[in-house]
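Where a number appears in this text, it was derived from the coordinates with a stated rule and is not lab data. Note that the structure is predicted; figures quoted are calculated from it, not measured. So basically every Cβ, Gly included, is an ideal-geometry build from the backbone, and we count neighbours across all protein chains shown.
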Amino acid sequence: MKTIIHATDFSQNAITALKYAYALSKKINASLWVIHIFDSTRLSSNLDEPYLFTKEELKEQKELKIKNLCIEHLETNFEKKNFQIEAIENSSVVNGIISKTDELYASLIITGMKGKSDLKDFLMGNTTKVLIEKAPCPVLAIPENAFLNNIETIVYASDFEQEDISAIYRLAEIAKIFKAKIKIIHISTKKEYNAEEQMQWFKEILEQKVSYKKIEYALFYSDDIFNFLKIYLTEVNADLVAMLERKKKGLVKKLFHTDLVKKMKNQSNVPLISFNEVNY
């Protein structure tokens, strides 16, 4: 993992995500880009940002705001070789972030789970939801009160299917850095006649593709997947929860993946990293 992008909207939650992104970049020795997407065609709701500025002037002002944000909330020597800031003009926050991600071949996008609501298109919460569906790399959403101390336990919510293999391979790269254990779990709303066999098949296939040894497997049944997962994350003291955004969805898959990813993003206190099936 060489390059991390943190997209900020200057909200309190984005500040938490900034601190997390900075700590992670230092831990794994990755380059960190702190970016802000702005649209010069919109009237600003902030009186200290007159809309009569030229694009260049507005860009400079936004970049100064990013710099001051970093000076205030990061350690004093944050300006180093692998730290960059940039204000990017784009009418779409998501397209602006994705364009920069493609340009840098970034390995990870870090956002806050919720943001300020001055303009509906600038809702960091909505931006994160769309990024989960469209980003060319994993998206890590940070809750408002989260901080990075160490990552010891990662929970990956799986259907024990082939599509999970590549995501877990990428997840193992992160786990190796922290020497964290990965708990791969499957939760079903009903008894599955071949669930144990499916789990064993998945384990055998995964061990052929992923050499990381600190991986555990578990199978659970519950009529309330969301609340069961929340309780489970607390019980195992999870530091990170991972899921795969899928295109194909049966009734259970739709509940367990797409809808649950977004619900977890809004209500969990654990950072959520989401992989997109289309990227693998």
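Within a 10 angstrom radius of the beta carbon, how do Glu152, Glu72 rank from fewest other beta carbons to most? Please list the in-between numbers first.
On the way: Glu152 15, Glu72 8.
Fewest-to-most ranking of Glu152, Glu72: Glu72, Glu152.
You can think of it this way: the chain between Lys190 and Ala23 has 56.0 nm of extra reach, that is 0.36 nm per residue less the Cα-Cα gap. Under 5 Å between amide hydrogens, built in the peptide plane, is the criterion, and for Gly112 it picks out Ile142 among residues at least 5 positions away or on other chains.
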